[in-house]
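Just so it is clear, none of the values below were taken in a lab; they were calculated from the coordinates. Everything quoted here is computed from the prediction, not taken from an experiment.
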Amino acid sequence: MASAVAPGVGVAPRGRGTPRPGPSRRGRGRASRVRASGDRGQSLIGTTAALVVFLTFLMFAVHLSVNLYANSTVTARAYDAATRVAGADIDHGDPNAVAAAMREAESDLRAGLGGYSERIREIDWSGSDVDVVQLRLVVDNPSFLIFSAGGIGVETIDKTVRVRVERLR
């Protein structure tokens, strides 16, 4: 769209005494360029260091969260399996009935843990007797820590659950 006003009309002439609008840039550009050359790359280093620290804390939090979840799940499933074997509906005087109940409970334990059941290192019912059902479960935990060769002590879940045998009175 063309302007109907002639160029220069309504605009104050710029002379030596007329200040420029906004802050003066003269002189400031050279000093800032000199100062910036010494600081070049500092934000990249700081950002990279902050990112590494953040990711380290994030992976530590993920590691502990997965460990707490796995620990709770393994404990609950082990208790459910031992309670099932200790039930009153099983004849604890018959070793074959107890062995069959242990096999069935172990199968349900593995099914309940899903893909995590591949990490089971040991399932031990040897502490059981006619009055107590004992289940020892050893499971390997995954690690999400990148720079930790020694671990932090939560790499293995070792749970022993003891449940008294139910008897009808």
Calculate, in nm to one decimal, what Gln42 and Ser65 gain on full extension: separation in residues at 0.36 nm each, minus their alpha carbon distance. 4.8 nm
Compute the length gained on full extension between Arg162 and Ala49: take 0.36 nm times their separation in residues and subtract their Cα-Cα distance, giving the result in nm to one decimal. 35.8 nm
